[in-house]
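**Q** Below you'll find the structure I mean.
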Amino acid sequence: QRKNPFSNDERLAAKPVHSHRGDPSYGRPPEGSKTEQRGRDAHSHVGKEVEELCGIIRSTGEKGEDGHLSVTFRQLFETYVTISNKVVGILLRARKHGLVHFEGEMLWQGKDDDVIITLL
């Protein structure tokens, strides 16, 4: 409607046009919006789940020769699945933040049961 020559609505003309690549606000919700708040809440929730996952590795893992705690994917899955069904997604997020290490791109129940997950 902003480009509609037949529209007399001043509210539409006052809104900024979509940002472009390179603009700091590109791909971000408007500041102070409900969308921005929902994003912050989701980020916080996932952060808490990552912390909880690391806590489970601390409590169930065994200390290796390198001093790091490790657990197999099977052990972690069986323990954590009672808390959340998003074990693999949370593991991937924890690895992205440098909190855990494991081999492979993705872990599959059954196939990757013996993969070692190390808390860094």
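The values are calculated or read from the model by the stated rules, or taken from the named source; none is laboratory data. Bear in mind that the values here come from a model prediction, so they are computed numbers and not experimental data. With ideal geometry, Cβ positions are generated from the backbone for all residues, glycine too; neighbour counts draw on all protein chains shown. These area figures cover heavy atoms from the full protein model, side chains too; ligands, DNA and RNA do not enter into them. Shrake-Rupley method; radii C 1.70, N 1.55, O 1.52, S 1.80 Å.
**Q** For region 34-119, what is the number of Lys pairs with C-alpha distance below 20 angstrom, counting only pairs 8 or more positions apart or on separate chains?
**A** 4
**Q** Positive end of the dipole of the chain, charges at C-beta (+1 Lys, Arg; -1 Asp, Glu), about the Cα centre: which of 76, 117, 25 has its Cα farthest in that direction?
**A** Towards the positive end, the residue furthest out is 25.
**Q** On to the next question. Ratio of Rg to Rh for the chain, alpha carbon only, Kirkwood?
**A** 1.25
**Q** Largest first, what is the accessible-area ranking of 31, 105, 65 with a 1.4 Å probe?
**A** I get 65, 31, 105, largest accessible area first.
**Q** Among 86, 96, what's the order by accessible area (1.4 angstrom probe), most exposed first? Intermediate results must be reported in sequence, preceding the final value.
**A** Working: 86 100, 96 160 Å².
Reading off the accessible areas and sorting them downward yields 96, 86.
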